[in-house]
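Worksheet for the structure shown next.
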Amino acid sequence: MKKATFRTISQEHYFPVIIAIHFVFWAIDLSQYTGDYEFTSKHVAGEIFSSWVVTVFAFNFLMITKAAWVERIFGGLDKMYMIHRRSGIIALVLLCLHFIVIPMDPRFSIGKPLGILSFFLIVLGVLVSSVPLFKRILKYNRWRIGHKLMGFAYLLGIAHSFRVPTLTSELPIVKTYVYGMALIGVLSWIYTAFFYRLFNRRLLYTVRSLKRFKNDVIEVSMTPEKKSLSYSPGQFAFFSFEGIGTKEAHPYTLSSHPDSGELRITVKALGDYTSNLQTELQEGVKAYVEGSFGHFFYKNGKYKKQLWLAGGIGITPFLPFLKDVDSEYSVNFIWAVRSRESQNYQDEIQSSTRDKPHVETLIHNSDTKGYFSIGSKFNSKSLKECSIFICGPEVMRESYIKQLLEKGVSIRNIHYEEFSFR
């Protein structure tokens, strides 16, 4: 696989771009407006807020299509979902500002109750999707159903805008942009809610073997029934297993190499579903696989000199990396584990790197040596012109990133994945 050459949009740039586009379009239209619509600064502010809401939600619905070209724009499905989540919260704030700022017309129209209903449904949907308390209370499948109903609230909001007098309808550039984005949002939601499974068939696999480790980790190896999944080292897929939990799929990194002819995932018991996999999954069970996703791949790094940092179950993407990496690259690989019994893949790591002097490996046990620190092995000079890949618990990842930044490493050279899809 060739090194990626596309540029991605990070959340640091995404929101300023959305804001800038709106200001430019509104400024052009208002400067040239000669109509007879009477408006005040409050009208303008209120409708700018609502146009942001329409477009931000349109992009959010586009994101959940999981289209490959959309994922590529945002640098991976995990990054895209993080932007999606934060966009929903920002859109809710903007929606509240719209209702606070916009002057109320005393005349009745059907658009008013439509707007109020849309407002309350969006508030409920965003709170349920974002507030940790609700995410803990609701089962995953029920949470997803409620999340999908956000499209209905969006439709009500669009209908509201057509049934009340608006300045937006008087401005040609703003009108075209806002309602063009609204159309994209509605079509994206319809596609995801009703036609996604029609165009994205899941691949059928059979669980060939299971390996249960002592530290609440299970390794699942699967063989394809017909068509096999195409993927690159470091990518992930969504899995559901027949008879285990609901039919909702869960994302897991592929710890197998694409040349192995099978799929392998390694799962730690961290919740109800993953705990059920530990006890209920058996050989011969059918698995449904959707993918592949993600751009966490060492060849996407800018430099051939690289540092790979794994923590606990975060070893999974690095296992195929170690099999794949050739002598073009100079790699320091460090796997931090809690104890010796957590070194589930020590033998495989040694086997993969035995004939690779360009890969230096270190397994760090925190129970005997304390937490691994970047400064214990690397300085600013050794990290210069180095691409860093991190996978592991969020606390560990954030600690490593902080230490790397303190040593002068650019955030652009630090690669990691987010797995908080909910």
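The table for this structure:
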read-out: Hits in region 211-242 - residues which are out of contact with any Leu (no Cβ under 9 Å at 6 or more places or on another chain) and not hydroxyl-bearing (Ser, Thr, Tyr); value: Lys211, Arg212, Phe213, Lys214, Asn215, Val217, Phe238, Glu242
read-out: Unmet criterion (only one of (1) more than 23 Å from the chain's Cα centre (by Cα); (2) assigned to a loop (DSSP other than H, G, I, E, B); (3) touching a residue at least 60 places away in the same chain (Cβ under 8 Å)) for Leu204; value: (2)
read-out: Residue list for region 237-258, restricted to those being farther than 13 Å from Leu319 by Cβ and either more than 19 Å from the chain's Cα centre (by Cα) or of a type in the set (A, V, I, L, M, F, W, C) (or both); value: Ala237, Phe238, Phe239, Phe241, Glu242, Gly243, Ile244, Gly245, Thr246, Lys247, Ala249
read-out: All positions within region 151-177 that are farther than 18 Å from Gly111 by Cα, in a helix (DSSP H, G or I) and touching a residue at least 60 places away in the same chain (Cβ under 8 Å); value: Pro172, Ile173, Val174, Tyr177
read-out: One residue from Glu248, Glu219 being closer than 25 Å to Val70 by Cα and surrounded by 15 or more Cβ atoms within 10 Å (Cβ to Cβ); value: Glu248
read-out: Output for region 315-332, where each listed residue is buried (at least 23 other Cβ atoms within 10 Å of the Cβ), of a type outside the set (A, V, I, L, M) and outside any loop (DSSP other than H, G, I, E, B); value: Phe318, Pro320, Phe321
read-out: Every pair of residues 6+ apart whose Cβ atoms lie under 9 Å, when the first sits in region 336-354 and is closer than 17 Å to Met396 by Cβ and buried (at least 20 other Cβ atoms within 10 Å of the Cβ) while the second is at pLDDT 85 or above and among the polar types (S, T, N, Q); value: Ala336/Asn365; Ala336/Ser366; Val337/Gln343; Val337/Asn344; Val337/Asn365; Val337/Ser366; Ser342/Asn365
read-out: Candidate set: region 398-418, residues that are within 21 Å of the chain's Cα centre (by Cα) and loosely packed, with under 15 Cβ neighbours inside 10 Å; chosen: the one farthest from Cys386 (Cα to Cα); value: Glu398
read-out: One residue from Leu277, Leu309, Leu270, Leu281 being among the aliphatic types (A, V, I, L, M), closer than 19 Å to Leu210 by Cα and touching a residue at least 60 places away in the same chain (Cβ under 8 Å); value: Leu281
read-out: Condition met for Ile190 (in contact (Cβ under 8 Å) with a residue 24 or more places away in the chain, of a type in the set (A, V, I, L, M, F, W, C) and not assigned by TED's automatic domain parsing to the domain that holds Lys268); value: yes
read-out: Some residue of region 351-369 being at pLDDT below 90 and charged (D, E, K, R); value: yes
read-out: Among residues of region 23-64, those that are without any contact (Cβ under 8 Å) to a residue 60 or more places away in the chain and either farther than 18 Å from Tyr81 by Cα or touching a strand residue (DSSP E or B) at 6+ places or on another chain (Cβ under 9 Å) (or both), counted; value: 14
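Matching residues to (1) of a type in the set (Gly, Ala, Ser); (2) at pLDDT below 90:
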site	(1), (2)
Tyr154	no, no
Arg163	no, yes
Gly180	yes, no
Ile190	no, no
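The values are calculated or read from the model by the stated rules, or taken from the named source; none is laboratory data. This is a predicted model, so every value here is computed, not measured. Note that we place each Cβ from the backbone using ideal geometry, even for glycine, and neighbour counts take in every protein chain shown.
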